[in-house]
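The structure appears below as structure tokens.
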Amino acid sequence: MRPFGIWKYLLILIVLGFGIVYSLPNLYAPDPAVQISYNDSALSPDLKLQKRLEKILENSLDNENVPEVELHNNYALIRLFSTEEQLRIKSLLSTAGDDLIVALNLAPTTPQWLKNIGAEPMKLGLDLRGGVHFLMEVDTQAALKNRQNGTLQDLKRKLREEKIRYSSLFVEKDQSITLKVKEESDFDSSIDLIEDNYPQFSVSYTEGSEFNIFLRLNEEEIEQIEADAIDQNLTTLRNRVNELGVSEPIVQRQGKKRIVVQLPGIQDTAEAKKILGKTATLEFHLEAEYDTPRTRKTSYPHRDKRMGESELQDQIIIGGDQVATAQASFDENGMPQVNITLDGQGGARMHRATRGNIGKRLGVVFVEQKNKTSYKRDSQGNQIAVQQTFEIREIISLATIQAALGTQFRITGLDSPQESSELALLLRAGALAAPMRFVEERTVGPSLGEDNINAGILSMEIGMALVLIFTVFYYRIFGVAAGLALGTNILLLVAIMSILSASLTLPGIAGIVLTVGMAIDANVLIFSRIKEELKQGTDPLQAIDQGYDKAFSTILDANITTLIVAVILYSLGTGPIKGFSITLSIGILTSMFTAIVGTRGFIYLVYRKKKNLSRLAI
């Protein structure tokens, strides 16, 4: 047998020590906790917040043990003993004020010395921790429509600036823009203006009693608009999730038009859907004047049905995307209102629009996308759900402009403090670029998550026990080596996943169980090869060397093939499949090391002396 170098043993000891230290945090079970932070990210928790929370707890819990309030850099934390107590305290603190975000959390109990070296426990996925899962589809056609309406207003402004006369300008149903002019000079000027300022359009025209110019977006531009809509919706959803107060959420793109949202610890599906799926924003329009026939206008109902309807100009002065901050409050009469601060561009546009229209009325339109589910029967008589999306536009305020408005003003006419808080939240989080519909939703309870953990661990324990019994019975001392390598493999896998902050899911546990089988498979190949060499009369020391050498290429080929499949699963799969592929990939790499290097070092320790070869049993 070739000597097994000292540096190899040192490598094994270093890797083993690494695995032990960085997997240790997973032995410390986290505490159910409630996390409290300010709505305003500029504010940090202080003693004032601590005293405020302690007072609420003391007044509500009477003579019960009042939990301690811990202050951290960005949040306050209350550690509890059970999930029931956790839900109770969260419900209690949720009414503490609109300036606070109250979230469920799992507070780590990792010792400080482990934290100092960056050792943290693995995160638990939704199916193990409990929470809600949504799959949402973005209506990219609506985003395209919004973009064309914005281009329409911009084109109108440029035509006015160049003093080009036109008879009509509007967006068609197929989202192309039609411009009609009567004079040939205006036609030539319009073509020059469009070609210079709107290269994203392909232009065509027809001649007759007037010139009709058609602007159609290029395919590349359409794809870019759709991609931008998905990206903006992702950002907006992440902001809304932060407003909901969820720790360690997952908001990520899936496929071309879909977004996955996972909210660990949230059990109120209805409330989550209400905030996430709502495409609610504001639009500011001037009231339409009856003596301006060229102005395109639309009639909107008032939220107060007693006021009937009013006509507003189609041109939008500003939209919800120009809102920098929004806070719910009350006016001097105690009625709910939202105080709004616009960004620089929005403030400038509002000022330009209102300074020349003092005495006229400005309408605030509340725009909301709603989903409605109806049921019908298919050809086989089975009941199926059909989800429809419709838009509601209502005037919530129509007030006379007393002076030019700037970046700060307020919205009144709201029905309740709850509505003002919700509108302020949605405006702070940003407007969705396009409506979304819920394609899939599911809820995992905390108790089911705990059951999943127990079932996964039990399956892994049974699998390892059966494998160890078989290998020890069949391969004797070599089987012991395989068992030690198997335990080290699991240790390293857990350590690496902890360092990578990878989330452990139920499919991930399945990946670990599969890794157990694959890790032992490598040793079976090696030991079977050694057996064959011994049967051929090869010297025991040479048989061991040749068993490892000749089996290596087969093991490498098999593991590389599996690793390629795991990478493909990760790149194309969804959340659960990604969890499976991550654990499988890490398990393949660690099993290669433990099955080949680890067992070889152990075998060399046992049989390095010739007198031990007489006990060689395999």
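The values are calculated or read from the model by the stated rules, or taken from the named source; none is laboratory data. Values in this document were obtained by computation on a predicted structure and should not be read as measured data. So basically every Cβ, Gly included, is an ideal-geometry build from the backbone, and we count neighbours across all protein chains shown.
Quick check on the stretch 160-171: of everything there that is without any contact (Cβ under 8 Å) to a residue 24 or more places away in the chain and not in a strand (DSSP E or B), which residue is farthest from residue 211 (Cα to Cα)? Break it down into steps so the answer makes sense when it comes.
So the first thing to find is which residues in the stretch 160-171 are without any contact (Cβ under 8 Å) to a residue 24 or more places away in the chain, and the list is 160-161, 163, 165, 168-169.
Remaining after also requiring not in a strand (DSSP E or B): 160-161, 163, 165.
Working: 160: 18, 161: 20, 163: 17, 165: 12 Å.
It comes out as 161.
Yes/no matrix, rows are residues, columns are (1) at pLDDT below 85; (2) in contact with a strand residue (DSSP E or B) (Cβ under 8 Å, 6 or more places away or on another chain):
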position	(1), (2)
526	no, no
534	yes, no
574	yes, yes
587	no, no
597	no, no
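Check every one of the strands (runs of 3 or more DSSP E) wholly within the stretch 280-332 and list those with 3 or more residues that are more than 26 Å from residue 345 (Cβ to Cβ) and at pLDDT 80 or above.
Working: elements: 281-286, 297-301, 309-313, 323-330.
Because the criterion is at least 3 residues that are more than 26 Å from residue 345 (Cβ to Cβ) and at pLDDT 80 or above, the strands (runs of 3 or more DSSP E) in the stretch 280-332 that meet it are 309-313.
Taking the stretch 76-100 as the search range and keeping residues that are free of Cβ contacts under 8 Å to residues at least 60 places away in the same chain and among the charged types (D, E, K, R), which one is farthest from residue 37 (Cα to Cα)?
Result: 84.
Would you list the helices (runs of 4 or more DSSP H) that sit entirely within the stretch 24-129 and hold 2 or more residues that are of a type in the set (Phe, Trp, Tyr) and under 30 Å from residue 504 (Cβ atoms)? Talk me through it step by step, then tell me what you get.
Numbers: elements: 47-61, 83-93, 112-116, 126-129.
Once the helices (runs of 4 or more DSSP H) in the stretch 24-129 are filtered for at least 2 residues that are of a type in the set (Phe, Trp, Tyr) and under 30 Å from residue 504 (Cβ atoms), nothing remains.
Checking residue 241 against (1) surrounded by 13 or more Cβ atoms within 10 Å (Cβ to Cβ); (2) under 25 Å from residue 285 (Cα atoms), which test does it fail?
Only one criterion is unmet by residue 241, namely (2).
Tell me, yes or no, whether the stretch 566-587 has at least one residue that is more than 24 Å from residue 13 (Cα to Cα) and outside any helix (DSSP H, G or I).
Yes, the conditions are met somewhere in the stretch 566-587.
Of all residues in the stretch 315-331, which are surrounded by fewer than 17 Cβ atoms within 10 Å (Cβ to Cβ) and touching a Ser or Thr at 6+ places or on another chain (Cβ under 7 Å)?
Matches in the stretch 315-331: 324, 325, 331.
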